[in-house]
Amino acid sequence: MITYALTPKTKGDEEKITSSLVRLHEEDPTTLVTRDEQTGEVLLSGVGQTHVEVIVEKLKRKFGVEVNLSTPKVPYKETIRSSSKGIIYRHKKQTGGRGQFAEVHFDVTPLPRGGGFEFDNDLVGMNVPRNFVPAVEKGVVEAMQSGVVAGFPVVDVKVRFFDGKSHEVDSSEMAFKIAAIMAFKKGMQDASPVLLEPIMKVEVTAPDENMGDVIGDLNSRRGRVLKVEGKGNSQVIQANVPLSEMLKYAPDLNSKTGGRGTFIMEFSHYEEVPAQISEKVVAQAKKDKGKED
């Protein structure tokens, strides 16, 4: 399979694209259409480049929808390497009438990979009324949607809310939510934030005589070969490879094996992005954000 992100050439055709692709899938079940929840992209997968081009031509001829094809975005995530303890953030605003006041005290610590998110309400005493706790948690969850490294979602962190201050008139749920957002971002900055990338479990079947080229190519894509097994006149190579290095793999494998190589891949886990790659990803993310702004 080869996968592309689809965008309409005409604004407002998004819904038309989806309904048209559903119809095409009914005609041809090898056409796969998905939506990436994180990037929001509509992804079209076909059996090779020619198949995808035929689908695009059908969209235009049968449904009057013209689309642009592009390489899918990689759903990077962010996390932290170290802990940040005793973070204090005070949100205070006075604009004539009633003001805004909230202060929160956090500890932010990393969780094991795949640990998700934990919020620990560890308040003692009455410095913060308990009815503001849900607003604090909501603020942290909102802040996690856009990390401090490059604006990707944050995972595998624990936030301990252990103290704070409130004002009997000026404190509100909104004030505590804002304080929580800013405290979390401050804590992340101080906890060695890093990028994470999706790692795919890849299985390549290639003729015996191409095995060396295929393994060398996987290594050049930052892959880790886990196992090689013979199967008739072919070799089955299992490896873990970053998704970012596999986006254009299908035509390259065809070229290296004379069209006789095949591969399947599925998501395996997330790993930290190497520093030199991370710099490029961050630079590109800032460039993309600049275009959106």
Mind counting the residues in region 17-65 that are touching a Pro at 6+ places or on another chain (Cβ under 9 Å) and either surrounded by fewer than 16 Cβ atoms within 10 Å (Cβ to Cβ) or among the small types (Gly, Ala, Ser) (or both)?
-> 6
In region 37-77, what count of residues is obtained for those that are in a helix (DSSP H, G or I) and not β-branched (Val, Ile, Thr)?
-> 10
Taking the stated definitions as given, is residue 134 surrounded by fewer than 17 Cβ atoms within 10 Å (Cβ to Cβ), touching a Ser or Thr at 6+ places or on another chain (Cβ under 7 Å) and more than 26 Å from residue 273 (Cα to Cα)?
-> no
Which pairs have Cβ atoms under 8 Å, sit 6 or more apart or on different chains, and link a residue in region 41-58 that is under 15 Å from residue 25 (Cα atoms) to one that is in a loop (DSSP other than H, G, I, E, B) and hydrophobic (A, V, I, L, M, F, W, C)?
-> 45/1; 46/1; 47/1
In region 107-149, residues that are within 26 Å of the chain's Cα centre (by Cα), of a type in the set (S, T, N, Q) and closer than 18 Å to residue 86 by Cα total 1
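Give 200, 211 a once-over and let me know the one that is more than 30 Å from residue 98 (Cβ to Cβ) and either aromatic (Phe, Trp, Tyr) or in contact with a helix residue (DSSP H, G or I) (Cβ under 7 Å, 6 or more places away or on another chain) (or both). Full working, then the answer.
Working: 211 fails: either aromatic (Phe, Trp, Tyr) or in contact with a helix residue (DSSP H, G or I) (Cβ under 7 Å, 6 or more places away or on another chain) (or both).
After applying the criteria, what remains is 200.
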Taking region 274-293, which residues are at pLDDT 85 or above and small (Gly, Ala, Ser)?
-> 275, 278, 283, 285
Residue check, residue 247 against (1) surrounded by 13 or more Cβ atoms within 10 Å (Cβ to Cβ); (2) touching a helix residue (DSSP H, G or I) at 6+ places or on another chain (Cβ under 8 Å), all met but one. Which one?
-> (2)
From 17, 88, which residue is among the hydrophobic types (A, V, I, L, M, F, W, C), farther than 25 Å from residue 281 by Cβ, in contact with a helix residue (DSSP H, G or I) (Cβ under 9 Å, 6 or more places away or on another chain) and in a helix (DSSP H, G or I)?
-> 17
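The values are calculated or read from the model by the stated rules, or taken from the named source; none is laboratory data. All of these numbers come straight from a predicted model, not from anything done at the bench. Glycine also receives a Cβ, built like all others from the backbone with ideal geometry; neighbour counts cover every protein chain displayed.
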